[in-house]
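The values are calculated or read from the model by the stated rules, or taken from the named source; none is laboratory data. Keep in mind that what you see is a predicted model, and the values were worked out from it rather than measured. So basically every Cβ, Gly included, is an ideal-geometry build from the backbone, and we count neighbours across all protein chains shown.
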Protein chains: 4
Amino acid sequence: MKTTSKNNSWREKLHEVIYEADTPAGKAFDVVLLVIIFLSILFVMLESVKGLDAWIYDYMYAAEWVITILFTIEYILRIISIKKPTKYIFSFYGLIDFFSTIPLYVSFFLPGSGSALITVRALRLLRVFRILKVSRYIGESNKLIQALKDSRAKILVFLFAVLILCLVFGTAMYMIEGAESGFTNIPVSLYWCIVTLTTVGFGDIHPITPLGQFLASVIMILGYGVIAVPTGIVSAEYSKGEKNTSKSLSTNTQSCYHCHESKHVDGADYCHNCGYSLNREK
Amino acid sequence: MKTTSKNNSWREKLHEVIYEADTPAGKAFDVVLLVIIFLSILFVMLESVKGLDAWIYDYMYAAEWVITILFTIEYILRIISIKKPTKYIFSFYGLIDFFSTIPLYVSFFLPGSGSALITVRALRLLRVFRILKVSRYIGESNKLIQALKDSRAKILVFLFAVLILCLVFGTAMYMIEGAESGFTNIPVSLYWCIVTLTTVGFGDIHPITPLGQFLASVIMILGYGVIAVPTGIVSAEYSKGEKNTSKSLSTNTQSCYHCHESKHVDGADYCHNCGYSLNREK
Amino acid sequence: MKTTSKNNSWREKLHEVIYEADTPAGKAFDVVLLVIIFLSILFVMLESVKGLDAWIYDYMYAAEWVITILFTIEYILRIISIKKPTKYIFSFYGLIDFFSTIPLYVSFFLPGSGSALITVRALRLLRVFRILKVSRYIGESNKLIQALKDSRAKILVFLFAVLILCLVFGTAMYMIEGAESGFTNIPVSLYWCIVTLTTVGFGDIHPITPLGQFLASVIMILGYGVIAVPTGIVSAEYSKGEKNTSKSLSTNTQSCYHCHESKHVDGADYCHNCGYSLNREK
Amino acid sequence: MKTTSKNNSWREKLHEVIYEADTPAGKAFDVVLLVIIFLSILFVMLESVKGLDAWIYDYMYAAEWVITILFTIEYILRIISIKKPTKYIFSFYGLIDFFSTIPLYVSFFLPGSGSALITVRALRLLRVFRILKVSRYIGESNKLIQALKDSRAKILVFLFAVLILCLVFGTAMYMIEGAESGFTNIPVSLYWCIVTLTTVGFGDIHPITPLGQFLASVIMILGYGVIAVPTGIVSAEYSKGEKNTSKSLSTNTQSCYHCHESKHVDGADYCHNCGYSLNREK
């Protein structure tokens, strides 16, 4: 979308800086944005820590205002520099930008009860998704996302089967162990079963009867064997993707003028099928 | 199994709706069934939760009766619409349908001691397997099941080896740690060993002597290296399945004009079945 | 090693039954042996459980004597039926047979102090390895063992690197957390680090300082990324093994007499390269 | 780097023994060094254990002095035997050698406060990295390191995505559970989220509200599905590396008589480098 016409207005230039990352200015903008987002997230996290010196909270509150104002300016610039502002405003990142910027204004104009306000202020953490937008430029992530997308349907089917397993085993454990061991009801039993099958194992609830421990062992060994499935899927899917990529990259380059044989190795000067010079056709 | 003959009786139409999912009515039936099953499972789970308001239990009890009656009607329709009812009744899903429908009737006619009744009522959860029956239509699950079936023998051998490992290490831990650390007997030790080797790690039992902690470390590192085996198996098996699929796709392009044999390798000039030139038909 | 000569002595017949599994008698012998071993292991396990009724211990004690006598007879038969008894006696399975049979005799002739005796009696559990000997006949296990053997060197190098990581992180955690959190000394710290890196996570020891929790997070994420390595190795190794097997099975069968083209699909009657009949050469 | 010139000075011979492992003397030196390093690490670990007999500490203190003096001699020899000592001194292993040797001297000349001194003495553990230097000679580790290097970028992108997930879920858990369950602030919540997503699950902090347990279940199942990604990456990358190796092996069979170009694809009739017939040389 690089406009090469002569009368570039300032809006088009601004658009190039803010929305694209091909120019030095655009890249610098993204880097600065990334740093500010990281600082902002750090402040939100630290703000929740109790017991620090009072001046730290004051400093962070001031810093948050600076960041919020910077984000407000960025938000306004984004609206100004685009031809159809509504398209940006109601896009995923537009909404994230909006909801991650307003919390401080809300808490300023509505200094109400703390609990609800904390929830609002936590919205500032949404900025973390902005990082994803920037990291989109990292080439590797596209491959990863593709591999995940390709195996999404299979992983969903798999997780669905795991949930049914958990439901059946969870109910069985509820009936075997009962409330004394912490299996107070079926939802809690289901939670325990997920904790166990995924090999997390908090230990807040655990079987104490021999039969319960036996069934738990079965669940764990099952989980151990079952964890292989999503790994196998992604591995195969990713491996397939890799093969396609490397093939198309290395063999689609040259085609013999004489015999149309195309699968030449990189750097080949003569067709391996008929001996005709591959360079002549260039 | 779509019957195209003219005199379709209502029974054949009903069979199509209930047992198949090719017609819009059949699909709608399956979706409604799925929703009811989900609701039913939700009610069974919530019923086990103590401490909710009394009216919720009353509401759920009523809802369960409605669902039970719906399932009863479905069960009767299934028996009516099939030619050989006994084939359905004694099939896996027929038994699930029966045992997941009767619990409320049992608890109504036999308002006996609670404990045994809860076990009976939990049978309603068997409906969860009905979901599997419906999800059978999702294409991806077949591939998954195939990959698991292909690697079943290997995974069983593997789990068997893991169990022997657990037995040996469990006994060793029982003799090292003794009852003070919770290793009260060999079965409990075996349970702990499975908990550890599968990397679940509840922490309800854990070694406290230096030697026990050393052996536990060995078990954990072993489990860490050993978890690779089932994953590798399923991964390779699944990858193989994927390759076979793509292979048959790439070889289905050519079909012999003479003998209609179709699975020719790429670049074949003559039919491998009858020797007829494959190029002539182009 | 099936001897087809006429004058088979009873020793050779006995050898066939006891050491081989190709004849019906040999298979039956193995199955009976397997069942007795399983029972024996079950009794050793149950014996360690306290609080059962006294008659159960009496019954198990009697059953153990029966099993021990059966194993004694088997041991004697094995020595008699082989040409070079010393070869069996000092083999791995010969030693297991010996040490898993004598414990009861030892406890009978030396009714001494309990603690040392329990250790001796636990030797009966060595019989579990006998199961491996029988399971050797299951074809799948050979492939698995091969895959593990092929990737053994790599997994050892990997585990070695993991241990160095644990040592460095364990020492760091010891210095950060100190004795209050349970990190009482470096060996314990190392044990905790292995528990964490292998994602077992008992929770008996866990960091409480912010810096310790941060470092623990780093270790866990590292462990999460690092678990991929052995899996990838075994997966690739196993996949390679599978490919070699299937290739040699399906393509080495036929070779065209006319053009020496060899990669024919199974069941091909004519060469796909020159159209020459493949059956003529047979 | 084997110097075959006649006037080998003692410095060049020393260099061969200390820095290389091709000669018997060089190998012996490495093995002895490895044993001393292992002993040294063992002593550092044991020194941190409280409650042993006093004479053990005395013995270990003496042994540490012997080891330190041996390392000092080795360090001096390394500096003497190399042409550019500064290159060694400021290399990674040179710095490790220095910082792992001086702690005892520091504690001898500055018998100050214990806490700071322990940190200094722990530097001796740096010797563990020396083992890596020696294990470099094991061929397998190179392949492993290559596979990890190739998938480094992808694993970093993946871990980055996992951290964002943890941040979002951690904040949500902090707001749902609050301080009573141990989720005292967002950093602690983030720590818990990493503990859970990596399936470690210490259990020091765990959700107690139904909503918190539900969200925890989602996180765990996500972590279960997500662990597949790095495994799939390394597996595919390693598999690719293996294949490339075997590929170069299968294409090294033919070599052009005319231009000695060797990497021809299977079935090539003409050299892809010079167009010379490859069949003529057969």
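Residues in region B:34-60 that are of a type in the set (Ser, Thr, Tyr) and at pLDDT 85 or above: B:40, B:57, B:59. Being outside any helix (DSSP H, G or I), more than 34 Å from the chain's Cα centre (by Cα) and either surrounded by 24 or more Cβ atoms within 10 Å (Cβ to Cβ) or not aromatic (Phe, Trp, Tyr) (or both), is that true of even one residue in region D:191-202? Looking for residues that are outside any helix (DSSP H, G or I), more than 34 Å from the chain's Cα centre (by Cα) and either surrounded by 24 or more Cβ atoms within 10 Å (Cβ to Cβ) or not aromatic (Phe, Trp, Tyr) (or both), one finds none in region D:191-202, hence no. From the list D:221, D:233, the lone residue that is of a type in the set (A, V, I, L, M), in contact with a Lys or Arg (Cβ under 6 Å, 6 or more places away or on another chain), at pLDDT below 90 and outside any loop (DSSP other than H, G, I, E, B) is D:233. All told, residue A:254 falls short of being modelled with pLDDT of 90 or more and either in a loop (DSSP other than H, G, I, E, B) or facing another protein chain (nearest Cβ under 8 Å) (or both). Within this structure, residue A:67 passes the test of being modelled with pLDDT of 90 or more and surrounded by 13 or more Cβ atoms within 10 Å (Cβ to Cβ). For residue D:83, the conditions (1) modelled with pLDDT of 85 or more; (2) of a type outside the set (Gly, Ala, Ser); (3) over 27 Å from the mean Cα position of the chain (by Cα) are fulfilled apart from (1). Residue count for region B:89-140 under the criterion of being of a type in the set (Val, Ile, Thr), at pLDDT 75 or above and within 22 Å of the chain's Cα centre (by Cα): the result is 4. Do you know which of the residues in region C:174-187 that are assigned to a helix (DSSP H, G or I) and within 7 Å of another protein chain (Cβ to nearest Cβ) is nearest to residue D:204 (Cα to Cα)? The selected residue is C:174.
So how many residues does region B:145-159 have that are among the basic types (Lys, Arg) and more than 7 Å from every other protein chain (Cβ to nearest Cβ)?
2
Between D:218, D:200, the distinction of being at the interface with chain A (Cβ under 10 Å from one of its Cβ atoms) and touching a helix residue (DSSP H, G or I) at 6+ places or on another chain (Cβ under 7 Å) belongs to D:200 only. For residue B:182, the conditions (1) at pLDDT 85 or above; (2) of a type outside the set (A, V, I, L, M); (3) assigned by TED's automatic domain parsing to the domain that holds residue B:225; (4) surrounded by 18 or more Cβ atoms within 10 Å (Cβ to Cβ) all hold with the exception of (4).
Residue-wise test of (1) on the phi > 0 side of the Ramachandran plot; (2) at the interface with chain C (Cβ under 9 Å from one of its Cβ atoms); (3) over 27 Å from the mean Cα position of the chain (by Cα).
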| residue | (1), (2), (3) |
| --- | --- |
| B:161 | no, yes, no |
| B:172 | no, yes, yes |
| B:209 | no, no, yes |
| B:213 | no, yes, yes |
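May I ask you to verify whether residue D:54 is within 28 Å of residue B:210 (Cβ to Cβ) and either in the same structural domain as residue D:124 (by TED's automatic domain parsing) or touching a residue at least 12 places away in the same chain (Cβ under 8 Å) (or both)? Against the criterion (within 28 Å of residue B:210 (Cβ to Cβ) and either in the same structural domain as residue D:124 (by TED's automatic domain parsing) or touching a residue at least 12 places away in the same chain (Cβ under 8 Å) (or both)), residue D:54 qualifies. Among the residues making up region B:18-51, those that are of a type in the set (A, V, I, L, M), under 25 Å from residue A:186 (Cα atoms) and in contact (Cβ under 8 Å) with a residue 12 or more places away in the chain are B:33, B:34, B:36, B:37, B:39, B:41, B:44, B:46.
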